[in-house]
Amino acid sequence: MIKKLMVFSIVAMILMAQLVISPASYAASSYTGTWSDQYDIGSYGMNQMYLRMKDKGTQVEVEVTNDYYLPTNDSRNSFLNSKGKYRSSFITGTVTFNAKGTASFKYKDEYNNGKMTISVKKETVTLTWSGTETTDYSFPKGTFKLYKKVDLSSSESKKLGVFLSNFTELQLYKFDAKKINNSDLIRFGVWHNYINNFNSRISSSHGKLYITKSSVETSILKYFNIKFSNHRSVLNLKYNGKGYTFDGADGERVFYVQVDELYDMGSNNYRVYGHLYDPDYPNDDLVSRVDAIVKKVKKGKEYRYVLTQLNVKH
């Protein structure tokens, strides 16, 4: 009886040990993917960081790159002609993540000498590099938060591109939901309908065009998720208490958005990177950059995107 209990205990200990080891092995295989983030430098510059990881059995191959670009004199002309200062640096290594999703390794080459720590939590990765910057090609010291890349289907990419094009076609190139400008929202609500819903929402009388305030509110709610009521007259749009009268305007060159990459920021928020194009001139290679944060809002079985931030440079 004692011998049987000893055998049972040994088997139980082996099973428990396997259970302790297996989460780390499983976690490592789930780390394959790409993470990224970028931020502006000055008016036209950019700093972008990429993390690429690939599972290799119980270990993970890691490559971290940092790309820095600042146009000469931080000018639009230099940006459009791709002139300026470029800097690129990278760190590579092979790691084993612990059960908490953290790993670190030392790296040394002619430009770098330090320690990289990677911590993964759901869609987000936190990188910490402790090395010292000795040249322009040294990896920047600090802690950085990156977001996981989402594999986009062609239909979803098109849906996002159409959504963002609703703003660029109106030359709304900069928006921050935390700094809401009522005049911009009113202009969007009127001119979006003028371009996209003319027959159903725009009427005319005595040589003037007219749109009801409810139509303006509907569009603002749809695209910004804002219940709007701060109506008033703004430049070229006269409010009469029930809606807006205005004159039509056409002839401006229109730019649309082609989505390049999408990153999951968690809580149904997504970072979108893309560029502008003109369908009337498909061979015109526009130098541009589109950076947006959108939120996926679900109602029943349907969902839509609403705009949180937009920054277009061209």
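Filter the stretch 94-104 down to residues that are out of contact with any Lys or Arg (no Cβ under 8 Å at 6 or more places or on another chain) and either under 19 Å from T135 (Cβ atoms) or open to solvent by 40 Å² or more (accessible area, probe 1.4 Å) (or both), then give me how many there are. Residues meeting the conditions: 5. Residues of the stretch 223-275 that are polar (S, T, N, Q), on the phi > 0 side of the Ramachandran plot and under 31 Å from the mean Cα position of the chain (by Cα): N225, S267, N268.
Let me confirm something: among F139, F163, which residue is touching a Gly at 6+ places or on another chain (Cβ under 8 Å) and among the aromatic types (F, W, Y)?
Result of the check over F139, F163: F139.
Does F144 meet the test of being without any contact (Cβ under 8 Å) to a residue 12 or more places away in the chain, among the aromatic types (F, W, Y) and open to solvent by 20 Å² or more (accessible area, probe 1.4 Å)?
no
The criterion of being aromatic (F, W, Y), part of a strand (DSSP E or B) and within 18 Å of the chain's Cα centre (by Cα) holds for Y50. Residues in the stretch 188-227 that are under 17 Å from L307 (Cβ atoms), open to solvent by 60 Å² or more (accessible area, probe 1.4 Å) and touching a Phe, Trp or Tyr at 6+ places or on another chain (Cβ under 9 Å): L221 alone. Restrict the check to the stretch 284-292 and report whether at least one residue is in a loop (DSSP other than H, G, I, E, B), open to solvent by 60 Å² or more (accessible area, probe 1.4 Å) and within 27 Å of Y69 (Cα to Cα). Yes.
Looking across the stretch 245-271, the residues that are within 11 Å of E169 (Cα to Cα) and in contact (Cβ under 8 Å) with a residue 60 or more places away in the chain come down to E252, V254, F255, Y256, V257. Scanning the stretch 125-137 for residues that are of a type outside the set (D, E) and in contact with a strand residue (DSSP E or B) (Cβ under 6 Å, 6 or more places away or on another chain), we see that the one that is most open to solvent (accessible area, probe 1.4 Å) is Y137.
Rundown of residues vs (1) surrounded by 12 or more Cβ atoms within 10 Å (Cβ to Cβ); (2) more than 20 Å from Y147 (Cα to Cα), yes/no style:
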position	(1), (2)
E261	yes, no
M265	yes, no
R271	yes, no
Y277	yes, yes
K301	no, yes
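Against the criterion of being under 30 Å from W35 (Cα atoms), modelled with pLDDT of 95 or more and aromatic (F, W, Y), F163 qualifies.
Restricting Y111, Y107 to those that are open to solvent by 50 Å² or more (accessible area, probe 1.4 Å), at pLDDT 90 or above and out of contact with any His (no Cβ under 7 Å at 6 or more places or on another chain) reduces the list to Y111.
One residue stands out among those in the stretch 76-93 that are open to solvent by less than 40 Å² (accessible area, probe 1.4 Å) and touching a Gly at 6+ places or on another chain (Cβ under 9 Å): the one that is nearest to W129 (Cα to Cα), which is I91.
None of K238, K313 is at pLDDT 95 or above and in contact with a Ser or Thr (Cβ under 8 Å, 6 or more places away or on another chain) except K238. At least 1 residues being closer than 27 Å to Y50 by Cβ and hydroxyl-bearing (S, T, Y) is the threshold, and among the strands (runs of 3 or more DSSP E) wholly inside the stretch 127-219 those reaching it are 142-149.
Looking only at residues in the stretch 228-238 that are closer than 16 Å to F188 by Cβ and free of Cβ contacts under 8 Å to residues at least 40 places away in the same chain, which one is surrounded by the fewest Cβ atoms within 10 Å (Cβ to Cβ)?
Among those that are closer than 16 Å to F188 by Cβ and free of Cβ contacts under 8 Å to residues at least 40 places away in the same chain, it is S229.
The values are calculated or read from the model by the stated rules, or taken from the named source; none is laboratory data. Just so it is clear, the model here is predicted, and its values are computed rather than measured. Using ideal geometry, Cβ is built from the backbone for each residue, glycine included, and neighbour counts are taken over all protein chains shown. Protein only, heavy atoms only, side chains kept; ligands, DNA and RNA dropped before computing areas. Shrake-Rupley method; radii C 1.70, N 1.55, O 1.52, S 1.80 Å.
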